[in-house]
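Single-structure report; data block below.
The values are calculated or read from the model by the stated rules, or taken from the named source; none is laboratory data. Quantities reported herein were computed from a predicted structural model and do not represent experimental measurements. No Cβ is skipped: glycine too gets one built from the backbone with ideal geometry, and neighbour counts run over all protein chains shown. Quick note on the areas: whole protein, heavy atoms, side chains included, nothing else; ligands and nucleic acids left out. Shrake-Rupley method; radii C 1.70, N 1.55, O 1.52, S 1.80 Å.
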Amino acid sequence: MERVDKLVNDILKKWNPLEVPSEIAEDEYSSYVTFIMKYSQNINSIYLCLKKILTDYMDMEISNLEDDAELKQIARSIYEAVLSDDAFKQTIE
């Protein structure tokens, strides 16, 4: 797993929306990293991607403003991780 992919997976693992045991969280969310990276041009794109993953693939819903705010923060963290990787950053600029 490349550096930026690992950073994104670590963010997803820490967030753990499915609340899976920590020892399997890394594997649980790794399949979403490539999908998320396709939408990493800006925070809003990542946010919409995460929302789609939650609702369409994890069969979850954003039920209140607190959940929505958390999702926006996760999107921001992922975007910052992408920007921290100079090689990857050049591909989205």
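A few notes on this one:
- Restricting the range 1-28 to residues that are in a loop (DSSP other than H, G, I, E, B) and farther than 17 Å from GLU80 by Cβ, the residue that is most open to solvent (accessible area, probe 1.4 Å): GLU19
- Members of the range 57-78 found to be open to solvent by less than 70 Å² (accessible area, probe 1.4 Å) and either in contact (Cβ under 8 Å) with a residue 12 or more places away in the chain or among the polar types (S, T, N, Q) (or both), listed by number: MET58, MET60, LEU71, ILE74, ALA75, SER77, ILE78
- Entry remark, the range 29-51: residues being touching a residue at least 12 places away in the same chain (Cβ under 8 Å) and open to solvent by 10 Å² or more (accessible area, probe 1.4 Å) number 11 in total.
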